[in-house]
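These notes are about the structure you will find just below.
The values are calculated or read from the model by the stated rules, or taken from the named source; none is laboratory data. Here the structure is a predicted model, which means the values were calculated and not measured. Every residue, glycine among them, receives a Cβ derived from its backbone with ideal geometry; neighbour counts consider all protein chains shown.
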Amino acid sequence: MQDIFVKDIAQYLGQEVRLKGWVRNIRSSGKLLFIIFRDGSAEIQAVAFKPEMGEQAFEEAKRLTLESSVILTGVPQKHQKKTGEYELSVSSVQVLQIAENYPISKKEHGPDFLLSHRHLWLRSTKQWALLRIRHTVYYAICEYLNDHGFFRFDSPILTPNACEGTTTLFELEYFDEGKAYLSQSGQLYLETGIMSLGRVYDFGPVFRAERSKTRKHLTEFWMMDAEAAYVEHTENMDIQENLIRHVIRTVLAKCDKELDILERDKSALQAADAPFKRMTHYEAVEHLRSKGSEIGHNDDLGAADETLITEGSQVPIFIEKWPKQIKAFYMKRDPDDDNLVLGSDLIAPEGFGEIIGGSQREDDYDQLLSRMQAENMDLEAYQWFLDLRKYGSVPHSGFGIGLERLITWMSGVHHIRETIPFPRMIYRIYP
RNA sequence: UCCGGAAUAGCUCAGCGGUAGAGCGGGUGGCUGUUAACCACUAGGUCGGGGGUUCGAAUCCCUCUUCCGGAGCCA
């Protein structure tokens, strides 16, 4: 007899097999018992029928409760009521453990309860689907980059200095060396990697101690940073667009069932796999003001603006060429306008907001130095970064994708906290 | 940090000045095709903490705590 996974059940019709997993739900009707069984790969209805399996085995099956661990032996058959589905006709039941009073019931729960039981909530169908989409998105990003000349280059997580502003760092004591910080982005370190490998990316957790409390924020999230030598602003956006479109196609191809479970509108994702729109920050502001926003020409887009800008657009929109005072010090100035930088944000459609921030980097030593001085940065701490502009500086660009933001969009889920196994938020660090 | 909202059974909620309720989950029993199965019975509560008003407070007021939603900031 063979041990198989539920996902492969169709290949074993009529043969006795063994399935190892858990009980998702159980329904009984006298001499009949319906066990909704899952094993990680998929789920299936197992039917225990007393006259066929005998009194003893049936009594064993009757002991089962929600989330009990069990090994079922039986024969896969076509589902008697649902075409295209299968069920297992159970012949024997080996109970590993009876789960008593599993806390998550079949009815609704509030977010506080579910988040406090996140270690168990992960087993629920919707969470199972989200974890699988997360896996697919992660894999698709790496696949695209690997196929386009990028090398994995791991940036450090413990760092001596900040990449973005200094108010949002998690701080810790580092032996006798003073303060160290958890990385907010591997970008500055990636810029060293391109001088060796040409094109590089990192993928790992980053940490931001921002006291933001919205459905788009986590204090610990996964970011993919990519950086490429001799790539300028426009090509940088081309790479991002092709990468995101590859992710959309991969998710649609591999996660059809998961998207159904999440009731994701797949046609919206299909429509997003088309050339992205591009507009300058100036054009975006003009457009927003015509729609009633009070945004100014030197302002960042607010949450409402992000939704408004993509209204009526099926594809993501790049907003490029930003006023330099609202963007980071390392972005390259626009040669056509000294007040602008060659940065771009990618805004997802359907109100999902910003998913990528990228830019061409300042490669001129003097320009970078004066910008850092203007922002009162600790030049000594960034000497290594300035060195890159002294020894073979080249035009280069890069971008960072927030993995969970991208998953939120792909899956259509309401809150980012469901897209990572254990979300870290301002008021929650358990479990 | 700021602005709103909420806290009652294990869970989701109703009750909004006069004897603490329902559904789900748990337990017991019934049912040969169930789909959050169903039916019957049953156990289960310092109404978030503290203070006040009142003959009487889950209910009105004050305060603290916790959580949720949103803003700013960001990916």
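Listed values, structure above:
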| quantity | calculated |
| --- | --- |
| Qualifying residue in the range A:52-66 (condition: more than 16 Å from A:Y102 (Cβ to Cβ) and β-branched (V, I, T)) | no |
| Verdict on A:S105 being away from RNA strand B (no atom under 12 Å from the Cβ) and not assigned by TED's automatic domain parsing to the domain that holds A:T214 | no |
| Which numbered condition A:M224 fails, given (1) in a strand (DSSP E or B); (2) within 22 Å of the chain's Cα centre (by Cα); (3) more than 12 Å from RNA strand B (Cβ to nearest atom) | (3) |
| Number of the exception - A:V206 against (1) in contact with a Gly (Cβ under 8 Å, 6 or more places away or on another chain); (2) in a helix (DSSP H, G or I) | (2) |
| Sole exception among (1) within 13 Å of RNA strand B (Cβ to nearest atom); (2) surrounded by 14 or more Cβ atoms within 10 Å (Cβ to Cβ) for A:T214, by number | (2) |
| Any hit, the range A:317-336, residues being touching a Phe, Trp or Tyr at 6+ places or on another chain (Cβ under 8 Å), more than 14 Å from RNA strand B (Cβ to nearest atom), over 28 Å from A:E220 (Cβ atoms) and at pLDDT 95 or above | yes |
| Those residues of the range A:72-95 which are among the aliphatic types (A, V, I, L, M), more than 11 Å from RNA strand B (Cβ to nearest atom) and buried (at least 18 other Cβ atoms within 10 Å of the Cβ), in sequence order | A:L72, A:V93 |
| Any chance A:D238 is touching a Ser or Thr at 6+ places or on another chain (Cβ under 9 Å) and closer than 23 Å to A:F151 by Cβ | no |
| Subset of the range A:337-352 [acidic (D, E), more than 9 Å from RNA strand B (Cβ to nearest atom) and within 20 Å of A:A274 (Cβ to Cβ)] | A:E350 |
| Residue in the range A:353-370 that is farthest from RNA strand B (Cβ to nearest atom), counting only those that are free of Cβ contacts under 8 Å to residues at least 40 places away in the same chain and in contact with a Lys or Arg (Cβ under 7 Å, 6 or more places away or on another chain) | A:Y365 |
| Residue among A:E258, A:E263, A:E350, A:E306 that alone is touching a Leu at 6+ places or on another chain (Cβ under 9 Å), in contact (Cβ under 8 Å) with a residue 12 or more places away in the chain and in the same structural domain as A:H396 (by TED's automatic domain parsing) | A:E258 |
| Of the criteria (1) under 30 Å from A:T234 (Cβ atoms); (2) more than 9 Å from RNA strand B (Cβ to nearest atom), which one A:F422 fails | (1) |
| Count - residues of the range A:371-384 that are free of Cβ contacts under 8 Å to residues at least 60 places away in the same chain, surrounded by 12 or more Cβ atoms within 10 Å (Cβ to Cβ) and of a type in the set (A, V, I, L, M) | 3 |
| Residues within the range A:52-71 that are within 13 Å of RNA strand B (Cβ to nearest atom) and either touching a residue at least 24 places away in the same chain (Cβ under 8 Å) or surrounded by 15 or more Cβ atoms within 10 Å (Cβ to Cβ) (or both), tallied | 11 |
| Strands (runs of 3 or more DSSP E) contained entirely in the range A:1-51, each with at least 1 residues that are surrounded by 18 or more Cβ atoms within 10 Å (Cβ to Cβ), away from RNA strand B (no atom under 15 Å from the Cβ) and modelled with pLDDT of 95 or more | A:17-29 |
| Extreme residue, farthest from RNA strand B (Cβ to nearest atom), among residues of the range A:263-301 that are under 18 Å from A:I326 (Cβ atoms) and of a type in the set (S, T, N, Q) | A:T280 |
| Single residue of the range A:108-128 satisfying the filter (among the charged types (D, E, K, R) and under 18 Å from A:I261 (Cβ atoms)) that is farthest from RNA strand B (Cβ to nearest atom) | A:R123 |
| Filtered residues of the range A:103-138 (kept if hydrophobic (A, V, I, L, M, F, W, C) and either assigned to a helix (DSSP H, G or I) or buried (at least 16 other Cβ atoms within 10 Å of the Cβ) (or both)) | A:F113, A:L114, A:L115, A:L120, A:W121, A:W128, A:A129, A:L130, A:L131, A:I133, A:V137 |
| Cross-chain or 6+ apart pairs with Cβ under 6 Å, the range A:174-194 first and closer than 13 Å to A:P160 by Cα, then of a type in the set (D, E) and part of a loop (DSSP other than H, G, I, E, B) | A:Q184/A:E164 |
